[in-house]
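J.: Before I ask anything, here is the structure I am working with.
The values are calculated or read from the model by the stated rules, or taken from the named source; none is laboratory data. Keep in mind the model is a prediction, meaning the values are calculated, not measured. All Cβ positions, even for glycine, are placed from backbone atoms using ideal geometry, and neighbour counts span all protein chains on display.
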Amino acid sequence: MSHDPFFQVVLTVSLVMAAIVFPILFFIAAPYGRYSRRGWGPQLPNWLGWLSMESISAIVMLAMFLMGDAPRTITRLIFLMMWEAHYVHRAFIYPFWLRDKWKPMPALVTLMGAVFNLCNAYLNGRYLFDFSNSRYTVAWLTMPRFVVGALLFLTGFVINRHADNVLHGLRAEGELDYKIPRRGLYRYISCPNYFGEILEWSGWAIATWSLTGLAFAIWTFANLAPRARAHHKWYHQNFKEYPPERKALLPGLW
């Protein structure tokens, strides 16, 4: 890990903030989507909010790759492709695919998301493409940590995409009412999209075997686990017929 003071400060602050935000989000749901409410300042269309904050991750990581001093091995290229596979979709496809793309999202939420994505992409990109030196050679691709991590990432990616497709298919064009999803992992948990994303970045942490990857995995769980719990509670409050056997995030557990 680097001895660069700025890098160390950003990493430390990121970990501390994850520990602070995690319990808070169990009591205050971020005000977008089904929890959208007044009192959070100026609003943006949903699609513009997602595009603005998620595109930063895709752009910054690519810039770090192009400007980095570490050798451009096939391993580093694969890491870049893994990252961009998620964020190119999340930034440039997902926002325009939403059924409620014109629903308002607080600009403050977009700003907070953009700041996180800037710091997170900087940390992961700077380590991978500047500070890891000769670590990520071709031989890294045959190590168990990479194989396990990449498989976990791919599994999470597929689960996340499929869950989004299920939600998208619940509504016709122009429909905004929420419905109970019943296909795929929705038979067992309320939020397989979040479960998939947590698997993705846990796999990333294992595949890169880095503190920056671990910090991202921790942040992903700290952000999405409370929201999954809120979604689970919301479904039970709004649908009397909601399946009682479903868990919030972890099949059969929680």
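J.: Of a type in the set (Lys, Arg) and either closer than 26 Å to Gly125 by Cβ or part of a helix (DSSP H, G or I) (or both): does that describe Arg34?
T.: Working: of a type in the set (Lys, Arg): yes; either closer than 26 Å to Gly125 by Cβ or part of a helix (DSSP H, G or I) (or both): yes.
Here the answer is yes, as Arg34 does meet what is asked.
J.: Of all residues being of a type in the set (S, T, N, Q) and touching a helix residue (DSSP H, G or I) at 6+ places or on another chain (Cβ under 6 Å) in region 46-98, which is farthest from Thr155 (Cα to Cα)? Just the residue, please. Full working, then the answer.
T.: Here is the first cut: in region 46-98, the ones of a type in the set (S, T, N, Q) are 46, 52, 55, 57, 73, 75.
Still in the running and touching a helix residue (DSSP H, G or I) at 6+ places or on another chain (Cβ under 6 Å): 52, 55, 57, 75.
Working: Ser52: 27, Ser55: 23, Ser57: 21, Thr75: 19 Å.
Looking at residues that are of a type in the set (S, T, N, Q) and touching a helix residue (DSSP H, G or I) at 6+ places or on another chain (Cβ under 6 Å), I get Ser52.
J.: Right, next: Taking only pairs six or more apart or across chains, which ones have beta-carbon atoms under 6 Å, a first residue in region 234-254 that is over 14 Å from Ile198 (Cβ atoms), and a second residue that is surrounded by 10 or more Cβ atoms within 10 Å (Cβ to Cβ) and polar (S, T, N, Q)?
T.: Tyr235/Ser190; Arg246/Ser190
J.: Scan (1) in a helix (DSSP H, G or I); (2) under 23 Å from Leu214 (Cβ atoms); (3) touching a Phe, Trp or Tyr at 6+ places or on another chain (Cβ under 9 Å) for the single condition Val147 breaks and write down its number.
T.: (3)
J.: Leu118 - would you say it is assigned to a helix (DSSP H, G or I) and without any contact (Cβ under 8 Å) to a residue 60 or more places away in the chain?
T.: Numbers: assigned to a helix (DSSP H, G or I): yes; without any contact (Cβ under 8 Å) to a residue 60 or more places away in the chain: no.
Answer is no for this residue.
J.: Test Thr137 against the stated conditions and say whether it is surrounded by fewer than 21 Cβ atoms within 10 Å (Cβ to Cβ), polar (S, T, N, Q) and at pLDDT 95 or above. Give the derivation first.
T.: Values: surrounded by fewer than 21 Cβ atoms within 10 Å (Cβ to Cβ): yes; polar (S, T, N, Q): yes; at pLDDT 95 or above: yes.
When the stated conditions are applied, Thr137 passes them.
J.: Could you check Lys101 against (1) over 20 Å from the mean Cα position of the chain (by Cα); (2) outside any helix (DSSP H, G or I) and say which number it fails?
T.: (1)
J.: Among (1) modelled with pLDDT under 95; (2) over 26 Å from His236 (Cα atoms), there is one condition Phe129 misses while meeting the rest; what is its number?
T.: Among (1) modelled with pLDDT under 95; (2) over 26 Å from His236 (Cα atoms), the lone unmet condition for Phe129 is (1).
J.: Do we find that Leu154 is surrounded by fewer than 18 Cβ atoms within 10 Å (Cβ to Cβ), in contact (Cβ under 8 Å) with a residue 40 or more places away in the chain and not in a helix (DSSP H, G or I) in this structure?
T.: Numbers: surrounded by fewer than 18 Cβ atoms within 10 Å (Cβ to Cβ): yes; in contact (Cβ under 8 Å) with a residue 40 or more places away in the chain: yes; not in a helix (DSSP H, G or I): no.
Here the answer is no, as Leu154 does not meet what is asked.
J.: Report whether or not Gly113 is more than 29 Å from Ile28 (Cα to Cα) and not charged (D, E, K, R).
T.: Details: more than 29 Å from Ile28 (Cα to Cα): no; not charged (D, E, K, R): yes.
Considered against the rule, which asks whether it is more than 29 Å from Ile28 (Cα to Cα) and not charged (D, E, K, R), Gly113 comes out as no.
J.: Asn160: touching an Asp or Glu at 6+ places or on another chain (Cβ under 8 Å) and crowded, with 20+ Cβ neighbours inside 10 Å, yes or no? Talk me through it step by step, then tell me what you get.
T.: Numbers: touching an Asp or Glu at 6+ places or on another chain (Cβ under 8 Å): yes; crowded, with 20+ Cβ neighbours inside 10 Å: yes.
Spelling it out, Asn160 is indeed touching an Asp or Glu at 6+ places or on another chain (Cβ under 8 Å) and crowded, with 20+ Cβ neighbours inside 10 Å.
J.: Another question, if that's okay. Of all residues in region 202-216, how many are in contact (Cβ under 8 Å) with a residue 12 or more places away in the chain and surrounded by fewer than 19 Cβ atoms within 10 Å (Cβ to Cβ)?
T.: Restricting attention to region 202-216, the residues satisfying the condition of being in contact (Cβ under 8 Å) with a residue 12 or more places away in the chain are 202-213, 215-216.
From the residues that got through so far, the ones that are surrounded by fewer than 19 Cβ atoms within 10 Å (Cβ to Cβ) too are 209, 211.
Going through region 202-216 one residue at a time, the tally reaches 2.
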